[in-house]
Amino acid sequence: QVQLVESGGGSVQAGGSLRLTCAASGLPVSSGVMGWLRQAPGKEREFVAGVRSSWSGMITDYADSVKGRFTISRDNAKGTVYLQMNSLKFEDTAVYSCAWKPGSVIKTTAYDYWGQGTQVTVSS
């Protein structure tokens, strides 16, 4: 049974930090792509960050809006993916979901399996 369970969301003031965790089971976390996506009220879901393995190591990709502030990492042994979010802005407020897809494309919203999401609220 496939399960993706997010945790670590909450409320924080602008400029603060949060670390999201996604625990995956029933999926080959070490292969395919693990991603974080978000959806704000009234807006479409958008890609935030993703990671996959390659022969040369981990490959990551980020939305332009979070580059330099967010860092995605993966612990294959634990089947866990993290999203460290620093210098949070009001516009980062959204429901953040982790997701998995096969293949190599990272920056997309077309992921196959999704968690239920965790709310991140940034107050200005």
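Counting DSSP beta bridges in the chain, what percent are antiparallel, to the nearest 5? The antiparallel proportion sits near 90 percent.
When nucleic acids and ligands are ignored and a 1.4 Å probe is applied, residue 6 ends up with an accessible area of around 10 Å².
Considering only protein heavy atoms and a 1.4 Å probe, what is the carbon-and-sulfur percentage of the accessible area of the chain?
Details: 3010 of 6210 Å².
Using a 1.4 Å probe with all protein chains present, the chain comes out at 48 percent carbon and sulfur.
Backbone geometry of segment 109-124 corresponds, through the Karplus equation with coefficients 6.51, -1.76 and 1.60 at θ = phi - 60°, to 3J(HN,Hα) couplings of 9, 8, 9, 8, 10, 10, x, 7, x, 9, 7, 10, 10, 10, 9, 8 Hz, x marking Gly and Pro. Note on residue 61: accessible area is roughly 50 Å² with a 1.4 Å probe, heavy atoms of protein only. Given H placed on each backbone N at 1.01 Å, which residues far from residue 93 in sequence or on other chains put an amide H within less than 5 Å of it? Long-range HN contacts for residue 93: 122. Going by accessible surface with a 1.4 Å probe and the largest first, 36, 114, 100 read 114, 100, 36. With all pairs of different C-alpha atoms in the average, the Kirkwood value for the hydrodynamic radius of segment 72-124 is 12.9 Å.
Listed values for segment 98-103 are Karplus-derived 3J(HN,Hα) couplings in whole Hz (6.51 cos²θ - 1.76 cosθ + 1.60, θ = phi - 60°), namely 9, 8, 9, 8, x, x, and x replaces Gly and Pro. Once the mean of 1/r is taken over each pair of separate Cα atoms and inverted, the chain shows a Kirkwood hydrodynamic radius of 14.2 Å.
The values are calculated or read from the model by the stated rules, or taken from the named source; none is laboratory data. Keep in mind it's a predicted model, so treat the numbers as computed, not measured. To get the accessible areas, we keep the full protein, side chains included, count just its heavy atoms, and leave off ligands, DNA and RNA. Shrake-Rupley method; radii C 1.70, N 1.55, O 1.52, S 1.80 Å.
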